[in-house]
Each structure stands twice: as structure tokens, then as C-alpha cells.
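Asker: Have a look at the structure that comes next, please.
The values are calculated or read from the model by the stated rules, or taken from the named source; none is laboratory data. A quick note: this is a predicted structure, and the numbers were derived from the prediction, not measured. Note: ideal-geometry Cβ built from the backbone for every residue, glycine included; neighbour counts use all protein chains shown.
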Amino acid sequence: MKKIVISGIILLSSVVSIAQADTTKVEQYCQVIATPRLLSNKVTIDIDFGEEKSFWRDTRLKTDGGKIKKFNTIIDAINYMGREGWIFINAFPVRMGETEIYHFAFRKQFSKDSFFSE
């Protein structure tokens with residue numbers, strides 16, 4: 001009988017602790033940068049999540065298989081961000097000499113628990 005009571009108490013306490021999870025949302029931002037390739041009509045896509053850049057560490061976006069994620073066009077990259085739950089905010093070009101580099105800003109809400117547990 002004691003084993004049943006103790007098992008019940010343990011089960012009940014675990015349910016109570018789950019109910020007290022923090023449901024606060026944290027809004028995060030990222031930027032998609034599209035740079036035209038030299039002598040081509042294709043673009044290079046860079047996604048800036050705000051992480052620290054390092055010469056020694058590869059921060060490029062990768063697929064689930066570990067390969068570098070490549071995009072066919074700017075729209076392909078924007079559609080990818082939409083599928084991942086990012087919401088488009090704004091787009092603007094930046095002129096560098098004769099080249100225009102396009103910047104696209106996105107935002108996404110994360111639960112505070114999942115964001116700070118990483």
C-alpha cells in the first residue's frame with residue numbers, strides 16, 4: 001500500500017511541476033542578405049541570426065544531413081524562412097558601388113523555456 005501511495009505522490013508532483021512552466025514568449029530577429037554573384041544572375045544568401053562570426057568556425061546554415069543549405073533565388077530563401085515560422089518585417093537595398101545588396105528582416109517568437117535552454 002505504501003508503494004502505491006508513494007508512486008501516486010511522485011506522479012502528482014511531476015504533474016504539478018509541469019503545470020508551472022514559464023510560457024513567456026521571447027521575440028528574436030534575423031536578417032537575410034542577398035548579394036549578387038560576380039558574372040552571374042544568381043545570388044549568394046547569408047542569414048544573420050546574430051551569432052558571433054568567427055574565421056575558425058563555419059556558421060553557414062546547414063541541412064539536417066549536415067550539408068550547406070543552398071538557395072536558388074531570393075524568393076527561395078524567403079519561402080524557406082516562412083516555412084520555418086519567421087515573419088517578414090521589412091526589406092531594403094544597400095548600394096555598394098555598382099552593386100545593390102538586399103537585406104530582408106524577419107522576426108519569430110520563441111517560448112522563453114526553449115530559447116534559454118539551448
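Asker: Mind counting the residues in region 51-99 that are surrounded by 11 or more Cβ atoms within 10 Å (Cβ to Cβ), within 16 Å of Arg37 (Cβ to Cβ) and either in contact with a His (Cβ under 9 Å, 6 or more places away or on another chain) or among the acidic types (Asp, Glu) (or both)?
Answerer: Residues that pass the stated criteria total 1.
Asker: Any residue at all in region 11-18 that's surrounded by fewer than 10 Cβ atoms within 10 Å (Cβ to Cβ) and at pLDDT 80 or above?
Answerer: No; the residues of region 11-18 include none that is surrounded by fewer than 10 Cβ atoms within 10 Å (Cβ to Cβ) and at pLDDT 80 or above.
Asker: Look at region 29-41 and say how many of its residues are touching a residue at least 24 places away in the same chain (Cβ under 8 Å) and not in a strand (DSSP E or B).
Answerer: Of the residues in that region, 0 qualify.
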